[in-house]
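Here the structure comes first, spelled out in structure tokens, and everything after it is commentary.
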Amino acid sequence: MLNKKKTKNILGALSILTVLISIIFFFVIRGPNANLTLIISVFTVLSGLGVIFAIISKKLWFIITGIILNGAVLVLAYFLLLAFGISEQ
């Protein structure tokens, strides 16, 4: 069984891992024919999971870094959504 300290560390690491997965996903999928709806959806889901993992970890360092980094990804997804909406007009 996992003890509480190890579980908190794993959840915190998962929070930061979601940011890294988002960055890797962005560089793999980018291009002129990229599906922006897919990118926005993946960013939003991964960012939401990252924030949830950070809060559940209950370690201050992981909460701060997880929310800041995943919040930045969420803001990027919002700007992509905004640009996608503007470009369709």
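The values are calculated or read from the model by the stated rules, or taken from the named source; none is laboratory data. Predicted model, so just to flag it, every value in this text is computed and none were measured. All Cβ positions, even for glycine, are placed from backbone atoms using ideal geometry, and neighbour counts span all protein chains on display.
This table checks each residue for (1) closer than 29 Å to Lys4 by Cα; (2) in contact with a helix residue (DSSP H, G or I) (Cβ under 7 Å, 6 or more places away or on another chain); (3) not in a helix (DSSP H, G or I).
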site: Phe27; (1), (2), (3): no, no, no
site: Ile39; (1), (2), (3): no, yes, no
site: Gly50; (1), (2), (3): yes, yes, no
site: Phe62; (1), (2), (3): yes, yes, no
site: Leu69; (1), (2), (3): yes, yes, no
site: Leu80; (1), (2), (3): no, yes, no
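Filtering region 49-63 to residues that are of a type in the set (A, V, I, L, M) and under 14 Å from the mean Cα position of the chain (by Cα) leaves Leu49, Val51, Ile52, Ala54, Ile55, Ile63.
The sole residue among Ile40, Ile56 that is out of contact with any strand residue (DSSP E or B) (no Cβ under 9 Å at 6 or more places or on another chain) and closer than 17 Å to Phe79 by Cβ is Ile40. Selection of first residues in region 24-39 that are farther than 12 Å from Phe84 by Cα and of second residues that are in a loop (DSSP other than H, G, I, E, B) and modelled with pLDDT of 85 or more, restricted to Cβ pairs under 8 Å at least 6 apart or on distinct chains, gives the following pairs, ordered by first then second residue: Ile29/Asn35.
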